[in-house]
Amino acid sequence: MALVTLDWMTQDAERLAQCNHDHPLSVLGPQQLEDGRWVVRIWMPDADRVVLLKAGGEQELQNPHHPWIFEAELGNDPGCSYRLRVERGGITHEQHDPYAFRHEWMGAMDRHLFAEGNHHHIWKRMGAHPHQQDGIAGVQFCLWAPSARSVSVIGDCNNWDGRHLPMQQRIGGIWELFVPGLGVGAHYKYEIHTQEGHCYEKADPYGFQHEVRPKQASLVADLDQFEWSDDNWLKARDGRNPLEQPISVYEMHMGSWMHGSWDEPFIEADGTARPQVPAADLKPGARLLTYKELADRVIPYVKARGFTHIELMPMAEHPFDGSWGYQVTGFYAPTSRFGPLDEFRAFVDRCHAEGIGIILDWVPGHFPKDAHGLAFFDGSHLYEHSDPRIGEHKEWGTLIFNYSRNEVRNFLVSNLIFWFEEFHIDGIRVDAVASMLYRDYLRPDGEWIANEHGGRENLEAVRFMQQANSVLFHYFPGALSIAEESTTWPLVTMPTSMGGLGFNLKWNMGWMHDMLDYFELDHWFRQFHQNNITFSIWYHHTENFMLALSHDEVVHGKSHLLHKMPGSDELKFANVRALLAYMWTHPGKKTIFMGMEFGQRGEWNVWGDLEWDKLQHKEHQGLVNLVDDLNAFYKSEPALWRNDFDHYGFQWIDCDDTNHSVVSFMRRDEKEGNWVVVICNFTPVSHGNYRIGVPVEGFYTEVFNSDSSRYGGSNQGNLGGKFADDWGMHGYGQSLELCLPPLTVLVFKHDATKKKDTAIHEVAALSG
């Protein structure tokens, strides 16, 4: 029976052909007619012939409205199980009809929560999901693009031709399409046509995996295949207060920690060589290691050093290595530079098995202008502010999220939960918090807009951070949320219920700058700058601080930690030992950047790798030994961490000896009543017969000495410890007379079991 040509259908066909149709399900697939019969319309650009295959047999389809619309009338609803035999350019294949699958993926509650910014698991709806509809396997696509005129799925499946798979627009600017026959690993993008007629190809904002740079396509990935083995770790983590635990963090950049040789590719389990990812154009013959290789090398190394956590610089997908990962295009995808996402999961799982937590750098403050990314996503300023005075970081060449838009806030808050839930991370460090807090950040007068009260504070960003932290700790009470915040903004680490930003740790940038300024001084001048090493205690209890010596301090002409120090090589190493030992005994959690643990000499270079050859030299190995022992001692002594943020946890003995550049203090543990005495000599001159006050009589064991020969020091000290003398000093009734080696930190612990008369007899026996 010949089909009647319908004018409206011809018009719809032309809109489809011009990629200008937003409701393809209204005309394609099974459609019921007024007389109760059905018509099936198949959209098949460039096809020569299409045959409908169903239980009742085969039926040739006709083209009454357009050469690319094939249709036939049927007596009943064919459902979605029918197949199509398609002939195109001399090639024949069979497939299901995408437009036979009409189920609405985003339900009313999903749309409601997303619209108000409270869908904490929106990634389970948005993006590309391997899925079955009515027993037919395929991929469900879902995208938010409210200003688009039309959206199509493009990929290998349709030769990247946007005419083939137009998506259906739903309520709230949501676009959906189920594509049967697609599976994990399929490459895809979205072709977005704007109201103005422009065409953009965009990677999936919610894509879980992307091609290796410089390619830009998203890949269909399955989040449900990996089997975790860290349940006990997660339960223990969320059952305790992390601030009452020792935290010592090894910050690293995966792509520059260590490289592999191009001549030695990674061999898969089946014996084939994995395609290699070059490390850098300027380093021919080097490749990036895989997640599996990094797990085999990084985890044992970090465990041997005694760190409690690894902090990874941003692992979300990014196109440009030189951004260090801080210009993200794939917020929901671990970078594919090192392998597929499940291998990153395996890395985290293995860390937990070895007692190591994972912290990720998280970048909700800005995003790059790359054409395939979030910028001007649907022909409008969807994710960013339209006014560059509030929506752009000109110095960084990046755009700022519009935190006032519910769906954008939802994108970010859900992204935070995503990394914890899907990748089992233990903490985040939020980059450049100050850039979010202030509207005039790096902007001259006239190039920023005041808030509704006339102030410089970015109130929308404040509310976003409060929401993010509140939601995070609701789901993961044992998590770490660390702010890199360099200003005096108040209450950064106070709960949101008390008006704070809700982080539980803040990088102490003031301490970092004061320390580095001090240690870069010639030793003689340090007597005039004692305040640099003592000032942090005056404000330490205003926030929960983490002491950090980060990547920012060893790049861009700043030199590495070792070469910041004055004097000869011997003095440089002694200064580094003193700085690290002071850092580990100072209140606050700890973070150092890779390479500091062995005395990297050259500046960090994102395209290079660390100077591992330095470990052949004893002075560098001595630093490694120091870090190993500092971490072991730190974790074993609760006085150094349990009361980090209480006034009780720290007590000066003497901070005023500027002539000798010496400070002394106690660290105390209120729960168990333990305490230690710390004395720091920051000059290259040893001090004999140096006396400090102590609170009780008895023997004080020298439990740590950074001048030990094991660390490359001169091995001076106090022969294992000293008895206190009945000689009042520094407000205490007792005192110790000590030898202070040069550029050294000493730690003493009171031993109530050791009596002076017993010790005299022991010495006499040894002498005899």
Exposure proxy order (Cβ contacts within 10 Å, fewest to most) of VAL433, VAL624:
VAL624, VAL433
What number, rounded to the nearest 500 deg cm²/dmol, is the helix-based mean residue ellipticity at 222 nm of the chain, given -39500 (n - 2.57) per DSSP H run of at least four residues and division by all its residues?
-7000 deg cm²/dmol
Each residue of segment 330-340 in order: what ³J(HN,Hα) in whole Hz does its phi give by Karplus 6.51 cos²θ - 1.76 cosθ + 1.60, θ = phi - 60°, with x for Gly and Pro?
x, 5, 9, 9, x, 4, 8, 3, 9, x, x
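Taking N as the number of residues in the chain, what is its alpha-carbon radius of gyration divided by 2.2 N^0.38 Å?
1.16
Kindly state, to the nearest 0.05, the FRET efficiency for LYS394 paired with LYS756, given R0 = 56 Å and r defined as their beta-carbon distance.
Values: r = 69 Å, r/R0 = 1.24.
Working from the Cβ atoms, E equals 0.20.
How far, in nm, would the chain grow between ASN605 and GLU60 when pulled straight, counting 0.36 nm per residue and subtracting the alpha carbon separation?
189.8 nm
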Which whole-number percentage describes the relative contact order of the chain, with Cα contacts under 8 Å and a sequence gap of 6 or more?
8
Listing HIS381, HIS366, HIS121, HIS103 by rising number of other beta-carbon atoms within 10 angstrom, fewest first, gives HIS103, HIS121, HIS381, HIS366
Convert each backbone phi in segment 700-711 into a coupling constant with the Karplus relation 6.51 cos²θ - 1.76 cosθ + 1.60 (shift: θ = phi - 60°), then list the ³J(HN,Hα) values in order as whole Hz, x for Gly and Pro.
10, 6, 7, 8, 8, 9, 6, 8, 4, 4, 4, 9
Calculate the spin-label point distance for ASP48 paired with TRP612, positioning each point 7 Å from the Cα along the beta-carbon direction, and give it in nanometres.
5.8
Report the Stokes-Einstein translational diffusion coefficient (µm² s⁻¹, integer) for segment 196-282, Rh taken as the Kirkwood radius over Cα pairs, at 20 °C with viscosity 1.002 mPa s.
116
With θ set to phi - 60° and the Karplus curve 6.51 cos²θ - 1.76 cosθ + 1.60, what are the ³J(HN,Hα) couplings of segment 396-403 in order, to the nearest whole Hz, using x for Gly and Pro?
9, x, 10, 10, 9, 4, 8, 5
Segment 309-407, Cα convex hull volume normalised per residue, Å³
123
Among the DSSP beta bridges whose two residues both lie in segment 418-560, what percent are antiparallel, rounded to the nearest 5?
10
Rounded tilt (10° steps) of 569-585 against the dominant C-alpha axis of the chain:
80
If I take all pairs of Cα atoms in segment 1-96, what percentage of them are more than 20 Å from each other?
34
Debye log10 I(q)/I(0) at q = 0.15 Å⁻¹ for segment 518-568, Cα point scatterers
-0.58
Fewest first, what order do TYR648, TYR99 take by the number of other Cβ atoms within 10 Å?
TYR648, TYR99
Which lysines, on any chain, are close to LYS722 with Cα under 22 Å apart, when same-chain ones fewer than 8 places away are left out?
LYS749, LYS754, LYS755, LYS756
With the convex hull built on the alpha-carbon atoms of segment 152-304, volume per residue in Å³ sits at 243
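Where a number appears in this text, it was derived from the coordinates with a stated rule and is not lab data. Remember, predicted model here, so these are calculated numbers, not experimental data. Ideal geometry is used to build each Cβ from the backbone, glycine not excepted, and the neighbour counts take in all protein chains shown.
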